[in-house]
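Chemist: Handing you this structure, nothing more for now.
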Amino acid sequence: MAVAALALNQQLLCFSYPKMRAKSRPWFPQKTTLLNSQKKPHIFIISCSSSPTSQSPEANVQTAESCVNLGLSLFSKGRVKDALVQFETALSLDPNLVEAQAALYNKACCHAYQGEAKKAAECLRTALRDYNLKFGTILNDPDLASLRASPEFKELQEEARLGGEDIGYSFRRDLKLISEVQAPFRGVRRFFYVAFSAAAGISLLFTVPRLFRAIKGGDGAPDIWETVGNAGINIGGIIVLVALFFWDNKKEEEQLAQISRNETLSRLPLCLSTNRIVELVQLRDTVRPVILAGKKESVSSALQKAERFRTELLRRGVLLVPVIWGEGRTPQVEKKGFGVSKKAATALPSIGEDFEKRAQSITAKSKLKAEIRFKAEVVSPEEWERWIRDQQESEGVTPGEDVYIILRLDGRVRRSGKGMPDWSQIVQELPPMEALLSKLER
């Protein structure tokens, strides 16, 4: 969660790259979208005094900025309720857009920390609608992990995907941009659907009077069967084209929902064998995660069977990710303010950067390859369970059944199935990492 230094007298504008957990940090969420193509420095305020002994009367005046800073300071000391009061006070002091966004976002994190998911979701809904908060920030912040595992967050994410006056359209616009990249001819198809429907409609307008004349008969009347045939063709064409238009819209909504789930999946954390915590997106182009979700007995049995094919599976970049239903345990994280620790933050890529750019560092990838083994443990298992259950619902599978999900090297879902996987079949299906097909998959 974004934070800032306490305000004194003189204001210095400093530039910082996204969200490194240092002592002086921006207190408003980083503004990024799903499709940022490059790192963008953001501006935050570090205040300092020219004289440690002199203070102007304005220094003691309560402002929205000072309340937010004080609230963050109180939270870092574990005084969450007092911090919440300060954020609420900031909202009552006529804050500007950035201050209001910061106060609402930090207030939501306080509610999430206290287990008040409904209040946290309402704060974020207001920030999304009125203060241009980016949904990607919510997906990334570890302080909102408990909220992301709640039904309230699922409802909030669905609202953001659909867009509307109550929540804004920024997240939906980002999703549609990705959708257009994946399906570049959808707009062209829709244009032809509309154009041909309009042409058929105009033709039908001219055909209907001819049909009446044909039915009435008389000299010069058109052939009735020919006229009926023309009218039938126009009507049938309109029906087919309209049906195709709505079918395409339905497919787009399904694609947007899948993109939203992929976005959530990419931010889920894993703990490698070296106890290093990484986001799933950091493993792109490096491994093919195989998620095994189910009862403890089923998952344990699948892991034992996988050991027989360990060498071949490692050649294919398989990383086993077991998720046991109902046995999620929330890791105890030392709280020193909002967000992860400075040490953890320096090990992770910054929030909200473009997916491809987040995994471009050759040095970081070489270190990851050295740390990756055959199996990884999930962090924040409640979030993993919620994502898997959403994926099950989208594929018509009863939530809670034993399932496996195989991911591609690029992080997307390759395929999934009920029960536990047949490892011999997976060995035959997946190409080795050095094969041409694996290079094309990246």
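The values are calculated or read from the model by the stated rules, or taken from the named source; none is laboratory data. In this text, all values refer to a predicted model and were calculated from it rather than measured experimentally. Cβ sites come from the backbone with ideal geometry, for glycine too, and all protein chains shown count toward neighbours. These accessible areas exclude ligands, DNA and RNA; they are computed on the full protein's heavy atoms, side chains included. Shrake-Rupley method; radii C 1.70, N 1.55, O 1.52, S 1.80 Å.
Chemist: Can you tell which of Leu440, Leu407, Leu436, Leu430 is more than 24 Å from Arg148 (Cβ to Cβ), open to solvent by less than 60 Å² (accessible area, probe 1.4 Å) and not charged (D, E, K, R)?
Modeler: Exactly one of Leu440, Leu407, Leu436, Leu430 is more than 24 Å from Arg148 (Cβ to Cβ), open to solvent by less than 60 Å² (accessible area, probe 1.4 Å) and not charged (D, E, K, R), namely Leu430.
Chemist: Taking the options Leu314, Leu303, name whichever one is at pLDDT 85 or above, in contact with a Lys or Arg (Cβ under 8 Å, 6 or more places away or on another chain) and either in a helix (DSSP H, G or I) or small (Gly, Ala, Ser) (or both).
Modeler: Leu303
Chemist: Another question about this same structure. If Ala347 satisfies all but one of (1) among the hydrophobic types (A, V, I, L, M, F, W, C); (2) closer than 30 Å to Ala117 by Cα; (3) at pLDDT 85 or above, what's the number of the condition it fails?
Modeler: (3)
Chemist: Could you identify the single residue in Arg172, Arg125 that is more than 19 Å from Gln101 (Cα to Cα) and open to solvent by less than 70 Å² (accessible area, probe 1.4 Å)?
Modeler: So the residue among Arg172, Arg125 that is more than 19 Å from Gln101 (Cα to Cα) and open to solvent by less than 70 Å² (accessible area, probe 1.4 Å) is Arg172.
Chemist: Would you say Leu292 is of a type in the set (A, V, I, L, M) and outside any strand (DSSP E or B)?
Modeler: When the stated conditions are applied, Leu292 does not pass them.
Chemist: Taking the residues in the range 169-202 that are outside any helix (DSSP H, G or I) and aromatic (Phe, Trp, Tyr) as candidates, determine which candidate is nearest to Glu159 (Cα to Cα).
Modeler: Tyr169
Chemist: Among the listed residues Pro151, Pro184, which satisfies the condition of being open to solvent by 60 Å² or more (accessible area, probe 1.4 Å), closer than 23 Å to Arg412 by Cα and free of Cβ contacts under 8 Å to residues at least 40 places away in the same chain?
Modeler: Pro184
Chemist: Answer with yes or no whether Leu139 is part of a helix (DSSP H, G or I) and surrounded by fewer than 24 Cβ atoms within 10 Å (Cβ to Cβ).
Modeler: Considered against the rule, which asks whether it is part of a helix (DSSP H, G or I) and surrounded by fewer than 24 Cβ atoms within 10 Å (Cβ to Cβ), Leu139 comes out as yes.
Chemist: Pairs please, first residue from the range 237-266 and in contact (Cβ under 8 Å) with a residue 60 or more places away in the chain and surrounded by 15 or more Cβ atoms within 10 Å (Cβ to Cβ), second anywhere and in a helix (DSSP H, G or I) and hydroxyl-bearing (Ser, Thr, Tyr), Cβ atoms under 8 Å, 6+ apart in sequence or on different chains.
Modeler: So the pair list comes out as Asp248/Tyr193; Glu252/Ser179; Gln255/Ser179; Leu256/Ser179; Ala257/Ser394; Gln258/Ser394; Ile259/Ser179; Arg261/Ser394.
Chemist: For the list (1) surrounded by fewer than 19 Cβ atoms within 10 Å (Cβ to Cβ); (2) at pLDDT 85 or above, I need the number of the one condition that Ser366 fails.
Modeler: Only one criterion is unmet by Ser366, namely (2).
Chemist: Right, another one. Of everything in the range 265-298, what is among the hydroxyl-bearing types (Ser, Thr, Tyr) and either closer than 17 Å to Ser416 by Cα or touching a Gly at 6+ places or on another chain (Cβ under 9 Å) (or both)? Give them in sequence order.
Modeler: Passing the criteria: Ser266, Thr286, Ser298.
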